[in-house]
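Input: a single structure, listed below in structure tokens.
The values are calculated or read from the model by the stated rules, or taken from the named source; none is laboratory data. Remember, it's a predicted structure, so these values are computed and weren't measured experimentally. Here Cβ is always computed from backbone atoms with ideal geometry, including for glycine, and neighbour counts include all displayed protein chains. Heavy atoms of the whole protein, side chains included, go into the accessibility calculation; ligands, DNA and RNA do not. Shrake-Rupley method; radii C 1.70, N 1.55, O 1.52, S 1.80 Å.
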Amino acid sequence: MLVYGKTTRDMDTSNPAAFVNADLLRLYVGKRVRALIQVVRSDGGSVVGKSTDDGQIIVKGNPPVPPTNFVEVIGVADSDKSIRAEIWTNFGDAIDTHNYNQLCQLANSDFKHLFI
């Protein structure tokens, strides 16, 4: 299977990141997560963002310059309200946050085994 220019054989699945919104972040403190945020404020080494469930997440690290309106971050949840980012991905200026939030909920439900 080809995924974004790589075959599934080439994909690293040894350290998966759980899909989270602000509410779910508390379940993964100390673990690797991924979240989509709308950038509210960016100042130096952190970004304050609005999560897909309308909660607030603080992301520590250096975002892409300039960040787009929406960014996905992958990193370690270092508290129930913050993520220490390892990877930042610009997602552009418009995205359906409701669908991404539904994905977070699905990935943390009875179908969790399909995502991690």
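Brief remarks on what is shown
- Checked against the criterion of being part of a loop (DSSP other than H, G, I, E, B), over 21 Å from L27 (Cα atoms) and among the acidic types (D, E), the candidates D93, D54 yield just one match: D93.
- Selection within segment 62-74: residues that are in contact with a Ser or Thr (Cβ under 7 Å, 6 or more places away or on another chain) and outside any loop (DSSP other than H, G, I, E, B). The member of this set that is least open to solvent (accessible area, probe 1.4 Å) is V71.
- Search result, residues across segment 62-74 that are in contact with a Pro (Cβ under 9 Å, 6 or more places away or on another chain) and either closer than 14 Å to A18 by Cβ or in contact (Cβ under 8 Å) with a residue 60 or more places away in the chain (or both): V73
- Exactly one residue among A107, A77, A18, A22 is surrounded by 13 or more Cβ atoms within 10 Å (Cβ to Cβ), small (G, A, S), without any contact (Cβ under 8 Å) to a residue 60 or more places away in the chain and in contact with a helix residue (DSSP H, G or I) (Cβ under 9 Å, 6 or more places away or on another chain), and that residue is A77.
- Scanning segment 81-101 for residues that are over 12 Å from L36 (Cβ atoms) and either open to solvent by 70 Å² or more (accessible area, probe 1.4 Å) or β-branched (V, I, T) (or both) yields a count of 6.
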